[in-house]
1. Would you check which residues across the stretch 53-67 are open to solvent by 70 Å² or more (accessible area, probe 1.4 Å) and among the basic types (Lys, Arg) and list them?
2. Take the residues of the stretch 15-46 that are surrounded by 10 or more Cβ atoms within 10 Å (Cβ to Cβ) and under 30 Å from Arg75 (Cβ atoms): which is modelled with the lowest pLDDT?
3. Does the stretch 66-87 hold any residues that are touching a residue at least 12 places away in the same chain (Cβ under 8 Å), within 20 Å of Leu49 (Cβ to Cβ) and of a type outside the set (Lys, Arg), and which are they?
4. Being open to solvent by 80 Å² or more (accessible area, probe 1.4 Å) and of a type in the set (A, V, I, L, M) narrows it down to one residue among Leu49, Leu86; which is it?
Amino acid sequence: MPARSSHPFDLLVERFAQILADRIATTLPSVPRAVAGNGVAAKLRGRKLDMRCRYPGCKNKSKGPRFRFFCEEHRKAPKKAQNAALAKWAEKNG
């Protein structure tokens, strides 16, 4: 930062710039956060999903929420087996 000048004009310009910056800062909105469609800040944005397969003992990556977090192999399992696996996973992970 340059050394302050004691010249009256420089002090006047510096003071004017500070007042202008303060006024602009108060009129501008604060930095926006991630907002959902309903106007509420999206609290879950940026979090990492647990993308492992929900089937017990399986270490494969799942196909995501669209396929109930099952991998390619267990996605083809019967619905009863999938529901049991999901219930067991929910019990363990809360």
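1. Result: Lys59, Lys61, Lys63, Arg66.
2. Ala36
3. Correct list: Phe69, Phe70, Cys71, Glu72, Glu73, His74, Gln82, Ala85, Leu86.
4. Numbers: Leu86 fails: open to solvent by 80 Å² or more (accessible area, probe 1.4 Å).
Answer to the check: Leu49.
The values are calculated or read from the model by the stated rules, or taken from the named source; none is laboratory data. Keep in mind that what you see is a predicted model, and the values were worked out from it rather than measured. Cβ sites come from the backbone with ideal geometry, for glycine too, and all protein chains shown count toward neighbours. Note: accessible area is taken over every heavy atom of the protein model, side chains too, but ligands, DNA and RNA are not part of it. Shrake-Rupley method; radii C 1.70, N 1.55, O 1.52, S 1.80 Å.
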